[in-house]
């Protein structure tokens with residue numbers, strides 16, 4: 001098993017009884033070169049994946065034989081690499097990257113295509129313009145894919161260019177049933193379909209991991225939240241899991257009947273492929289907040305909001321939850337407007353928490369008593385803001 005998350009990656013051996021053994025982990029955090037930008041080095045990611053895979057294979061060599069490799073990954077993060085050399089053509093764009101917000105708004109206004117900046121679609125279009133067109137590279141030597149595609153290429157020594165339906169469905173570039181790429185969307189965004197990977201089922205042998213000892217078959221590709229849904233046993237209609245990792249994702253298994261439209265609901269949830277097999281495609285509904293653990297750990301490290309993350313008070317946690325909860329249904333644009341980015345100053349974080357509390361009361365149509373209670377709560381927090389701002393200024 002190879003698991004490539006947003007902040008770290010790991011490899012381990014899953015035995016027939018479902019137990020996880022010989023786990024090896026490496027941190028692999030993305031960079032934030034400017035507010036709203038999230039990038040990562042695909043080559044460093046590839047090297048780290050190979051290290052943890054080799055470490056796990058070495059650790060288990062006396063007791064276990066690797067029968068197959070499964071890849072699960074952060075979704076929608078986008079990589080572009082050379083078809084000839086297998087080397088990246090530039091930084092990967094993380095799923096939290098917001099540089100293409102304008103393109104998403106334009107697509108909705110001019111073409112009635114609803115895209116989110118955390119999807120692959122506008123990232124791929126941006127990369128083509130900046131990594132290929134701007135550098136006058138040969139488009140025939142270009143491959144674009146999500147992290148599962150990239151790691152499958154790495155493990156197969158650049159032989160495979162594939163993705164599965166759970167990852168394809170998160171790109172914004174595929175058909176409603178997530179089995180083919182959309183000619184209309186790809187055409188409007190000027191993303192050549194021939195650059196994109198072949199869409200395969202989540203389960204089934206797609207090639208061999210020739211970069212690993214014994215060249216075991218690669219037998220599964222699946223997005224991380226979908227693999228979590230399955231791992232928690234939530235594969236009956238109505239079964240639900242919620243994961244608080246780098247981001248926060250709630251997923252509900254909905255069965256074998258696919259959606260009639262791919263847009264978000266009024267409550268902010270949207271349909272996703274839970275997994276696909278030789279027989280059918282299974283579906284789920286998802287709601288997302290782009291930052292969960294990142295908020296707590298990031299500010300603990302960079303702004304010293306908490307002296308130690310594990311000693312965070314319930315007040316701190318409540319404030320951060322109120323802020324990040326507005327990713328769904330209001331998405332990150334609202335949080336971005338009130339200062340919540342990876343570069344936000346400590347004072348902005350606290351001020352944003354004040355905004356979150358008032359927004360919570362306003363949007364929930366709270367009673368006058370609740371508003372009064374909220375105001376009483378805000379007063380000491382406001383004083384704390386001013387104290388911290390003064391301390392920072394000194």
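Condition check ((1) under 20 Å from residue 96 (Cα atoms); (2) surrounded by fewer than 16 Cβ atoms within 10 Å (Cβ to Cβ)) across all residues:
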residue: 114; (1), (2): yes, yes
residue: 132; (1), (2): no, no
residue: 167; (1), (2): yes, no
residue: 190; (1), (2): no, yes
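Can you pull out every residue in segment 21-58 that is modelled with pLDDT under 95 and under 24 Å from residue 213 (Cα atoms)?
Selection gives 27, 28.
Testing residue 51 on (1) in a helix (DSSP H, G or I); (2) buried (at least 17 other Cβ atoms within 10 Å of the Cβ), one condition comes back false. Which one is that?
Exception for residue 51: condition (2).
Collect the residues in segment 203-234 that are out of contact with any strand residue (DSSP E or B) (no Cβ under 6 Å at 6 or more places or on another chain) and over 20 Å from residue 176 (Cβ atoms), keeping them in residue-number order.
The answer is 204, 210, 211, 212, 213, 214, 230, 231, 233.
Would you confirm whether any residue within segment 158-174 is out of contact with any strand residue (DSSP E or B) (no Cβ under 8 Å at 6 or more places or on another chain) and closer than 30 Å to residue 105 by Cα?
Just the residues of segment 158-174 that are out of contact with any strand residue (DSSP E or B) (no Cβ under 8 Å at 6 or more places or on another chain), to begin with: 158, 172.
Keeping just the survivors that are closer than 30 Å to residue 105 by Cα gives 172.
Scanning segment 158-174 turns up at least one residue that is out of contact with any strand residue (DSSP E or B) (no Cβ under 8 Å at 6 or more places or on another chain) and closer than 30 Å to residue 105 by Cα.
Go through segment 71-95 residue by residue and tally those that are touching a helix residue (DSSP H, G or I) at 6+ places or on another chain (Cβ under 8 Å) and within 18 Å of residue 223 (Cα to Cα).
11
The values are calculated or read from the model by the stated rules, or taken from the named source; none is laboratory data. Bear in mind that the values here come from a model prediction, so they are computed numbers and not experimental data. Glycine gets a Cβ as well: all are built from the backbone with ideal geometry, and neighbour counts include every protein chain shown.
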